[in-house]
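What follows is one structure encoded as structure tokens, with my remarks underneath.
The values are calculated or read from the model by the stated rules, or taken from the named source; none is laboratory data. Quick caveat: nothing in here was measured; it's all calculated off a predicted structure. Because the Cβ atoms are built from the backbone with ideal geometry, glycine has one as well, and the counts that use them run over all protein chains shown.
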Amino acid sequence: MRPFALSGGIVAWWMCAALSLASLSVYAHPHDEPEIFQVKGTLTGIDALNYAIAIDTIDPTTRARRNILFLVDKKAKIRNGKTRVDLTALRPGQQVICMAERTFQEGRQDRERVIVFEIRADSVS
């Protein structure tokens, strides 16, 4: 007797299961996965109470100057130079680089939120 011999019915069942799993098409909405991107610009406004910032930046597709409002995650890493600081330590006019995540509201795909989870600012001398 062979040590790992399987009966024909079990092999046929596993073959059918494998083929049915391989043939399934995955339905995914284009906005299911959040998009993470980087924004460089000048900090123009800070709202520490609502955890929001405004940044003047250049739109890469149209090359037009835009002022964009971002929500800041409460656990965001905020650095001024090499030191970790609070949101209130940032000042308008500083050059910043932000890592942001675009998310869409559940059930309302037309409502997007851009949440910043990392801010790196040039240290002001």
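Taken over region 87-111, the criterion of being in contact (Cβ under 8 Å) with a residue 12 or more places away in the chain and either more than 11 Å from residue 53 (Cβ to Cβ) or surrounded by fewer than 11 Cβ atoms within 10 Å (Cβ to Cβ) (or both) is satisfied by 88, 91, 93, 95, 97, 99, 101, 102, 103, 104, 109. The listed residues are 57, 44, and the only one of them that is hydroxyl-bearing (Ser, Thr, Tyr), touching a Ser or Thr at 6+ places or on another chain (Cβ under 9 Å) and either surrounded by 12 or more Cβ atoms within 10 Å (Cβ to Cβ) or within 14 Å of residue 122 (Cα to Cα) (or both) turns out to be 57.
Pairs meeting the criteria (first residue in region 52-67 and under 14 Å from residue 38 (Cα atoms) and without any contact (Cβ under 8 Å) to a residue 40 or more places away in the chain, second residue hydrophobic (A, V, I, L, M, F, W, C) and outside any strand (DSSP E or B), beta carbons under 8 Å, at least 6 apart or on different chains) are 58/64. Would you mind stating whether residue 92 is at pLDDT below 90 and touching a Ser or Thr at 6+ places or on another chain (Cβ under 8 Å)? No. Looking across region 38-75 at every residue that is in contact with a strand residue (DSSP E or B) (Cβ under 8 Å, 6 or more places away or on another chain) and among the small types (Gly, Ala, Ser), the one that is farthest from residue 93 (Cα to Cα) is identified as 64.
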